[in-house]
1. Which members of the stretch A:205-223 meet the condition of being β-branched (Val, Ile, Thr) and touching a strand residue (DSSP E or B) at 6+ places or on another chain (Cβ under 7 Å)?
2. Please enumerate the residues belonging to the stretch A:22-58 that are over 26 Å from the mean Cα position of the chain (by Cα) and either part of a helix (DSSP H, G or I) or closer than 14 Å to A:Ala117 by Cβ (or both).
3. Looking at (1) surrounded by fewer than 16 Cβ atoms within 10 Å (Cβ to Cβ); (2) modelled with pLDDT of 95 or more, which is the one condition that is false for A:Leu15?
4. Can you give me the number of residues within the stretch A:261-289 that are more than 15 Å from A:Ala191 (Cβ to Cβ) and either in contact with a Lys or Arg (Cβ under 9 Å, 6 or more places away or on another chain) or surrounded by 14 or more Cβ atoms within 10 Å (Cβ to Cβ) (or both)?
5. Can you go through A:Arg52, A:Arg12 and tell me which one is farther than 19 Å from A:Gln168 by Cβ and without any contact (Cβ under 8 Å) to a residue 24 or more places away in the chain?
6. Give the residues of the stretch B:48-78 that are assigned to a helix (DSSP H, G or I) and more than 9 Å from chain A (Cβ to nearest Cβ), sorted by residue number.
7. List the number of the failed condition for A:Arg51; all other conditions in (1) in contact with a Ser or Thr (Cβ under 7 Å, 6 or more places away or on another chain); (2) crowded, with 17+ Cβ neighbours inside 10 Å; (3) of a type outside the set (A, V, I, L, M); (4) at negative phi hold.
Amino acid sequence: YVLIDGNPKWPRNDLTYRIINYTPDMRPADVDEAIKQAFEVWSNVVPLTFRRIEDGAADIMMSFQYRDHGDGYPFYGPHGTLAHAFQPGPRIGGDVHFDEEETWTKNSRGYNLFIVAAHELGHSLGLAHSPDPGSLMYPNYAYRDTKDFHLPQDDINGIQAIYGQSLQPVQPTGPSTPGTCDPNLSFDAVATLRGEMLFFKGRYLWRKHPQIRETEINLISQFWPALPAGIQAAYENVEKDQFVLFKEDKYWVFKESNVVHGYPKRIHQLGFPKNVKRINAAFSDKNTGKTYFFVANKYWRYDENRQSMDEGYPRNIISVFGKIGKVDAAFQHDGYIYLFHGRKQTQFDPNTKQVVRVLKSTSWFSC
Amino acid sequence: APVAPEVDTMMLAKGYLRNFYSLETELRPSFRRKITDSVSEKLRKMQSFFGLKVTGKLNNETVEMMKQPRCGVPDIGE
């Protein structure tokens, strides 16, 4: 986390706020609720209280503004800059301005008002932007499931550095962004996508380009807002330039960042029997058009051209890939198959049907 | 006349660095050399903040990051 230069903070813990105007994109009651919940994100973790007032000068004035709105920081139209806020202090201090030209919503479409308001209030209370891509105070917008929102630990640490701990008997904690070089790191799913490699874990996604040393970590929702966290398998259909992601008994097909119409569908439409409740891992062999699905100790083979499972499957994983146990994730690269299991990955040569070597799961990141 | 893509990208980058990394606006042409250094220095700061490869040069992944919808508060400084 980062505190604003000079460590500005409110001298009192009981603060007031006022909603000056509304956006036509949402019902006023939904705006009220989104903003109320945004304040609760912070009052849940530090001893601050926020009381709404209907007129007069509140500590934190919240409004929807258009283009040049007189504070020296104009908005420039849809997307780009969504909102801004001012650090704690008198008059414009603490105020929050939302760009009226954005599409404000209470779901994953457009820009979620609760998410943006909670971020901006971090500034109103004294937080600057955090470089932690999983934190709420990260500068770029990323949709998060608002029904199950937990303030990330980075943000809790930051705001408690300013206002002290919560007065609750049990200190609140939040999710932390996994370390890219954590030796115990395992993955939920791994896949190629247009020349890059994507590694999924919880809400996070690492993007790795074979020619670039650095690895970028993002929230999955930054690329696919409609996708739930906790992806369990993924593969790229190079032929169709589609990306297929699995969670529990559903799967989504994406073309770029848009989900293809009609998805998610049930995995049983691919030909799995009813007793299969989820897929552990998948990869697609672009040379043969065959996709391999790993479920518990068995694997299936699916023919992308015929769009049906091949005869003679499922087979036991151990009979072909050896003793690697449950497969967490899998992908194909340079003709080899990489099967991830816990902190390790097995490099397999499908031609010789031999294990080439066993690596750390994070071997693709320059740790 | 349509702006050439690379000029368009550099305009996007300068606007972004001005808004979020306090890149000084170009005062006088004689300071052009200084401004170029400053753009490169601010690019490094931005690439470092976002965990990108720090090159001081405008590459695809840096431009992609600049195009992301975001908060209007600067990432460093005032």
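1. First, pick out the residues of the stretch A:205-223 that are β-branched (Val, Ile, Thr): A:212, A:215, A:217, A:220.
A:Thr215, A:Ile217, A:Ile220 - these are the residues of the stretch A:205-223 that are β-branched (Val, Ile, Thr) and touching a strand residue (DSSP E or B) at 6+ places or on another chain (Cβ under 7 Å).
2. Correct list: A:Tyr22, A:Thr23, A:Pro28, A:Ala29, A:Phe50, A:Arg52.
3. So A:Leu15 meets the others, but not (1).
4. Here is the first cut: in the stretch A:261-289, the ones more than 15 Å from A:Ala191 (Cβ to Cβ) are A:261-278, A:287-289.
Right, trim to either in contact with a Lys or Arg (Cβ under 9 Å, 6 or more places away or on another chain) or surrounded by 14 or more Cβ atoms within 10 Å (Cβ to Cβ) (or both) and you get A:263-268, A:270-272, A:276, A:278, A:289.
Residues in the stretch A:261-289 being more than 15 Å from A:Ala191 (Cβ to Cβ) and either in contact with a Lys or Arg (Cβ under 9 Å, 6 or more places away or on another chain) or surrounded by 14 or more Cβ atoms within 10 Å (Cβ to Cβ) (or both): 12 in total.
5. A:Arg12
6. If the condition is that a residue be assigned to a helix (DSSP H, G or I) and more than 9 Å from chain A (Cβ to nearest Cβ), then B:Asn60, B:Thr62, B:Val63, B:Glu64, B:Met66 are the ones that fit.
7. Single failed check for A:Arg51: (2).
To keep it simple, each residue is scored yes or no on (1) at negative phi; (2) in contact with a Phe, Trp or Tyr (Cβ under 7 Å, 6 or more places away or on another chain); (3) surrounded by fewer than 16 Cβ atoms within 10 Å (Cβ to Cβ).
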| residue | (1), (2), (3) |
| --- | --- |
| A:Ala118 | yes, no, no |
| A:Leu121 | yes, yes, no |
| A:Leu127 | yes, yes, no |
| A:Arg144 | yes, no, no |
| A:Lys147 | yes, no, yes |
| A:Pro152 | yes, no, no |
| A:Gln168 | yes, no, yes |
| A:Ser176 | yes, no, yes |
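The values are calculated or read from the model by the stated rules, or taken from the named source; none is laboratory data. The model shown is predicted, which means the values in this text are computed figures rather than measured ones. Cβ: placed from backbone, ideal geometry, glycine included. Neighbour counts: every protein chain shown.
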